[in-house]
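Report on the following structure.
The values are calculated or read from the model by the stated rules, or taken from the named source; none is laboratory data. This structure is a prediction, so every number in the text was calculated from the model and none was measured. No Cβ is skipped: glycine too gets one built from the backbone with ideal geometry, and neighbour counts run over all protein chains shown. Ligands, DNA and RNA are excluded from the accessible area calculation, which covers all protein heavy atoms including side chains. Shrake-Rupley method; radii C 1.70, N 1.55, O 1.52, S 1.80 Å.
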Amino acid sequence: MNRAEKAALQLQAVAVLRMLKETRTYDELAALTGLPAGDLNRYVNGHVLPGIERAREVVEGVGREALAAELEARVTFDDEGYVDNSGVVFDQSFLDLVAPVAANAFGFERPDVVLTAATDGISLGAAMASYFDARLAYAKKSKETAVEEFIESRQRLASGIELTYYLPASALSPGQSVLVVDDLIRSGETQELLLDIAAQADTELTGVFALIAVGDEGVSRARTFTDAPVAALASFD
């Protein structure tokens, strides 16, 4: 890890601690993190940065658990099981915290391109792309009128509806590494289409990440297509 990467990790840890401090006293934050309240005060107020090992523990351990809990508190389900995650996907500052935590906790290698599906996946995709200093590409259910060549992936769903996603062919190049992300994974059908697009472009997959997994069908399905890490920050039965 070079000096810039170390500094970035330290700043990410401070950002996580500041988010946690919004709803906790320093004593409560100390109990949660196992760090002295006095040190936490100095970190949160910007007087000093945590050491590398402490920063790593905050981002990979406490940060993951805390962000998952925060995510679970923001997500609601209606009587028919539909998910309302607008409290998450519309909060870019929260997603910006998710990106480094997910990258470090789940071991995703840096991709050249973050690939997602329009529209709810775009804000998460932007956060992940920014963290990795990667390009963002998103597939849509309709073709852009001015684009001549597309990568197209089509699937007939269990309901009988046909789902098709289109990505401009210029968005991916052979040999590039790709991380597939989405806000929600349930059946895994959307992720399968994105994985097919990545495969058609002859790219290398670095992983699949979702904010929310509803059940384990989608995650299990994605794992049949790759040996790269497949993970969700929070899971619901």
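Dividing the convex hull volume of the alpha-carbon atoms in the chain by its residue count gives 138 Å³ per residue.
Element breakdown for the chain at a 1.4 angstrom probe: carbon and sulfur atoms account for 45% of the accessible area.
Counting Lys and Arg as +1 and Asp and Glu as -1 over every other residue whose Cβ lies under 9 Å from the Cβ of residue 163, the net charge comes to +1. Filter the chymotrypsin sites (Phe, Trp or Tyr not before Pro) in segment 32-107 to those in DSSP coil with at most 10 other Cβ atoms within 10 Å of their Cβ, and list the result. Passing sites in segment 32-107 are 82. Rolling a 1.4 Å probe over the heavy atoms of the protein chains gives the chain an accessible area of 49 Å² per residue.
Note on segment 111-213: Cα-Cα pairs beyond 22 Å make up 22% of the total pair count.
Just to verify a number: FRET efficiency for residue 48 and residue 4, C-beta to C-beta distance, R0 = 22 Å, to 0.05? Before the final figure, lay out each step's value.
Details: r = 19 Å, r/R0 = 0.86.
Using R0 = 22 Å, I get an efficiency of 0.70.
Note that segment 80-139 carries a Kirkwood radius of 12.0 Å, evaluated over its alpha carbons pair by pair.
Given the C-alpha atoms of segment 1-105, compute the convex hull and give its volume per residue in Å³. For segment 1-105, the hull spanned by Cα atoms encloses 105 Å³ per residue. For residue 71, what is the net charge nearby, where nearby means another residue's Cβ is under 12 Å from its Cβ and Lys, Arg count +1, Asp, Glu -1? Neighbour charge sum, excluding residue 71 itself: -3. Name the longest site-free stretch of the chain, where the excluded sites are GluC sites (Glu not before Pro) in a DSSP loop with no more than 16 other beta-carbon atoms within 10 Å. That gives 150-237 as the longest site-free run.
Treating r as the C-beta distance of residue 216 and residue 73 and R0 as 22 Å, the FRET efficiency rounds to 0.55. Can you give me the Rg/Rh ratio for segment 58-178, using Cα atoms for both radii and the Kirkwood formula for Rh? Dividing the radius of gyration by the Kirkwood radius yields 1.02.
Could you check what % of the DSSP bridge pairs in segment 85-237 are antiparallel, to the nearest 5? If we restrict to bridges inside segment 85-237, about 25 percent are antiparallel. Using the Cβ of residue 218 as centre and a radius below 14 Å, the other residues enclosed give a net charge of -4, where K and R count +1 and D and E count -1.
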